[in-house]
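To start, the structure itself, in structure tokens.
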Amino acid sequence: MNVISVKDLTKRFGNFTAVDRITFEVEQGEIFGFLGANGAGKTTAMRMLCGLSMPTSGEATVAGYDLYKHAEKIKKNIGYMSQKFSLYEDLTIRENIRFYGGIYGLNDGSIKSKTDHLVATLKLEDKVNTLVKSLPLGWKQKLSFSVAMIHDPKIVFLDEPTGGVDPITRREFWTMIFEAAHRGTTVFVTTHYMDEAEYCNRVSIMVDGQVEALGSPEVLKTKYEAKDMGEVFLKLARKAKRGDD
Amino acid sequence: MRALMILLEKEFRQVFRNPAILRMMFVMPAVQLLIMPLAADYEVKNVKICVVDYDHSSYSQKLIHKITSTDYFTLVDYTDSYEKAITYVEHDEADLVLQIPYSFEANLVREDGVTLFLAINAINGVKANLGGAYLRSIISDFNNEMRLEWIQLPRQNPQPMIDIASINWFNPLMNYRYFMVPGILVILVTMVGAFLSALNIVKEKEIGTIEQINVTPIRKYQFILGKLIPFWVLGLVILTIGLLISWIAYGIVPVGNVLTIYIFAGVYLISILGLGLLTSTLAHTQQQAMLLSFFMMMVFILLGGLYTSIDSMPMWAQIFTKFNPVSYFIEVMRMVVLKGSSLYDIRTHLFKVLLFGLVLNGLAVWSYRKRN
């Protein structure tokens, strides 16, 4: 079953076409990797699917709802973790969880049990009442991910979740992603790390706003005669005309 | 409803965790209300006068004595050179030059009339105007005294005179503090409300948390209300602190019902906060929001009738003040504090400000985009 289906989705900013007629489908429970160089249009595409940015043209359904007509219904069913850290730094871990849980309509009881479970898995029991700003980046990212998952969404969108994070934490982060996928959550993730691309069930590579390649890492490696995803990526991304922006 | 409660809980937590806001809540009313009324004084004292006396007669001495015996004037110099006197004006050491002509006394006695010359330093318009007016009234007093001295008053005064006895309603002693303090209180509530609300949403834009809010199913009006209510409460707290300070420091107790002030302030704050939130949804950075609301507040306050009377403004400015919520609150505040106006008396003010509030908040909800 497809939880995301996108057809000819386009976003233009004036004369600049950030996302150019992209078409793909994502199945439920899949880990879908969204790759591309800086400025290829990954974030813009993801922001459209989350209902943060209005598409210029094209069609899309997310979690079974039309992107134009039912954006607010989509929002009940998705989680989003942006590139920029976006928990409240002047609130404690517990208060952040309570805030986002409450916004999604969780009652006090389930907020409490979620909080207990969450801090136990992240081993943050003794930090639960400290302000988020005092946490190291890796912990912040894991916390952001958990908060994006607080309402058990059908799909979670992760925009470069492991940027600037140490290898051990990255490993732990991916364990969390696998667990989420195992529970049936669809994971839509952008990344620059090619070892992470290998972890995905399927990968799409964007070049200059278009989807240049789409398939499982094995299929892509065979198709482009590469030994790893890094080589696949380089072969495709070198064709890019757009600069780094 | 629950989403709104959760939002409010978070906003209040953030306010109480921000020492700058808390400090401002107490320090700003205290400083503005204790120091500004001392400086914002309409009475002109210590007008510096330089007298050029070409006559050196006993009458000219009498006149000078009469002028300097009031505390409105201080004598800078007594000289017999107009050039020298003008240099005082040029160096801003004198505000007025009074020139007493040669044969002042002789002409007064012999020809029943004499012309005095008055040069006014008009750089400070208010001081020049008032100083000149004071001096004129002192000279005319002097004139009457002369007349009394010379003329044996007949039974019927040959020259009919109209004497004016006046009474100042609502502020019998014309204490300008009763007039200024309520107005300054309005400015205080306005500035705190407008700036805090203008900076709030745009701050979430800058740190990126607004994205995280925008991917939730929260409703736009809930979000705006969640921002409005905390600052509404803060505004009323500041009003309370301000009323207490003006009672303790100046003994100002509103003649009218304090509840009337609170009801109006409650409605007024909705419109001012609406303006702030609208600014905040339109601006992209805190700097933009700050400059924009600073500009608007400047205009609203200067054309709000605090320092200058609206009735003496040009027509276009008077029309503008009809759309200026600040001018309504200043008027209401003075009406209730000095005159004891009731809710019924201020009903049109109340409805107009309520209308501003609905329009501005409506615009803020409309211009806040979850998707762009």
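Since every read-out is calculated from the coordinates, none of them should be taken as a lab result. Note that this is a predicted model, so its numbers are computed, not measured. When we count neighbours, we look across all protein chains shown, and the Cβ atoms used for this are built from the backbone with ideal geometry, even at glycine.
Once you list every other residue whose beta carbon is under 9 Å from the beta carbon of A:T115, what net charge do they have if Lys and Arg are +1 and Asp and Glu are -1?
+3
Can you put B:M191, B:M146 in order of Cβ neighbours within 10 angstrom, beginning with the fewest?
By the 10 Å Cβ count, ascending: B:M146, B:M191.
Is any residue of segment B:104-121 close enough, with backbone N under 13 Å, to a label point placed 7 angstrom from the Cα of B:W150 along the Cα-Cβ axis, and if so, which?
B:104-115
Which of B:I248, B:P172, B:P217 sits closest to the plus end of the dipole of the protein assembly as shown, meaning its Cα is farthest towards the positive end, when Lys and Arg get +1 and Asp and Glu get -1 on the C-beta?
The Cα lying farthest towards the positive end belongs to B:P217.
Based on Cβ point charges of +1 for Lys and Arg and -1 for Asp and Glu, what charge dipole magnitude is obtained for chain B about its Cα centre, in debye rounded to the nearest 20?
So the magnitude is around 2740 debye.
Express as a percent, rounded to the nearest 5, the fraction of DSSP beta bridges in segment B:47-150 (both residues included) that run antiparallel.
Looking only at bridges with both residues in segment B:47-150, the antiparallel portion is about 25 percent.
About its Cα centre, how strong a charge dipole does segment B:47-150 have in debye, to the nearest 20, once Lys and Arg get +1 and Asp and Glu get -1 at the Cβ?
Charge dipole, segment B:47-150, about its Cα centre: 240 debye, nearest 20.
Run through segment B:324-372 and list the chymotrypsin sites (Phe, Trp or Tyr not before Pro) located in a DSSP loop whose Cβ has at most 10 other Cβ atoms within 10 Å.
Hits after loop and neighbour filter: B:Y344.
Just to confirm a number: summing +1 for Lys and Arg and -1 for Asp and Glu over residues other than B:L303 whose beta-carbon lies under 14 angstrom from that of B:L303, what do you get?
Once positives and negatives cancel, what remains is -1.
Given R₀ = 30 Å, FRET efficiency for B:S69-B:N129 by Cβ-Cβ distance, to 0.05?
Efficiency, rounded to the nearest 0.05: 0.85.
For a quick check, take a GNM of chain B with Cα springs below 10 Å and name the residue from B:A122, B:A249, B:A289 with the largest mean-square fluctuation.
The residue that fluctuates most here is B:A122.
Treat the count of other C-beta atoms within 10 Å as a stand-in for reagent exposure and order A:W174, B:W247, B:W150 from fewest to most.
Final ranking by Cβ density, sparse to dense: B:W150, B:W247, A:W174.
For a quick check: with amide H placed at 1.01 Å from N, whose amide H comes under 5 Å from A:V211's, ignoring anything fewer than 5 positions away on the same chain?
Correct list: A:T23.
Treat the count of other C-beta atoms within 10 Å as a stand-in for reagent exposure and order B:D53, B:D95 from fewest to most.
Listed from fewest to most nearby Cβ atoms, that is B:D53, B:D95.
In segment B:69-102, whose amide N lies under 20 Å from the spot 7 Å out along Cα-to-Cβ of B:S166? List them in ranges.
B:71-73
So if we plug the beta-carbon distance of B:Y307 and A:D66 into 1/(1 + (r/R0)^6) with R0 = 51 Å, what FRET efficiency do we get, rounded to 0.05?
FRET efficiency, B:Y307 to A:D66: 0.35.
How much of the DSSP bridge set in the protein assembly as shown is antiparallel, in percent, rounded to the nearest 5?
In the protein assembly as shown, DSSP labels about 45 percent of beta bridges as antiparallel.
In chain A, with Lys and Arg counted as +1 and Asp and Glu as -1 at Cβ, which of these residues, A:N107, A:Y193, A:G230, has the Cα nearest the positive end of the dipole, that is, farthest along it?
A:N107
Stretch B:K352-B:E111 to full length: gain in nm at 0.36 nm per residue minus the Cα-Cα span?
Extending this stretch completely gives an extra 80.5 nm.
What distance in nm separates the two pseudo spin-label positions at B:V359 and A:S113, each 7 Å out from Cα along the beta-carbon direction?
Once both label points are built, they end up 5.2 nm from each other.
For segment A:16-31, take each phi angle, set θ = phi - 60°, evaluate the Karplus expression 6.51 cos²θ - 1.76 cosθ + 1.60, and give the result in whole Hz per residue in order, putting x for glycine and proline.
Each residue's phi maps through the Karplus curve to give 8, 9, 6, 10, 10, 6, 8, 9, 6, 10, 10, 8, 5, x, 7, 9 Hz.
Mind listing the long-range amide H neighbours of B:K48? Cut-off is under 5 Å, sequence gap 5 or more, other chains count too, H placed in the peptide plane at 1.01 Å from N.
Sorted by chain and number, the residues that satisfy this are B:T74, B:D95, B:L96.
Can you give me the distance in nm between label points at A:T56 and B:S81, each placed 7 Å from the Cα along the Cα-to-Cβ direction?
8.1 nm
Taking R0 as 35 Å, what's the FRET efficiency between A:R238 and A:D90 from their Cβ-Cβ distance, rounded to 0.05?
0.20
Report the residue, chosen from B:I207, B:I224, B:I49, that carries the largest GNM mean-square fluctuation when chain B is represented by alpha-carbon nodes joined by springs under 10 Å.
Greatest mean-square fluctuation among the candidates belongs to B:I207.
What is the antiparallel percent of DSSP beta bridges lying wholly in chain A, to the nearest 5?
DSSP beta bridges in chain A are roughly 55 percent antiparallel.
About the Cα centre of segment B:75-223, how large is the charge dipole given +1 on each Lys and Arg Cβ and -1 on each Asp and Glu Cβ? Please answer in debye to the nearest 20.
Charge dipole, segment B:75-223, about its Cα centre: 1100 debye, nearest 20.
Got a sec to turn the phi values of segment B:83-100 into Karplus ³J(HN,Hα) couplings, 6.51 cos²θ - 1.76 cosθ + 1.60 with θ = phi - 60°, whole Hz, x for Gly and Pro?
4, 5, 4, 5, 5, 4, 5, 4, 8, 6, 8, 10, 9, 9, 10, 10, 10, 9
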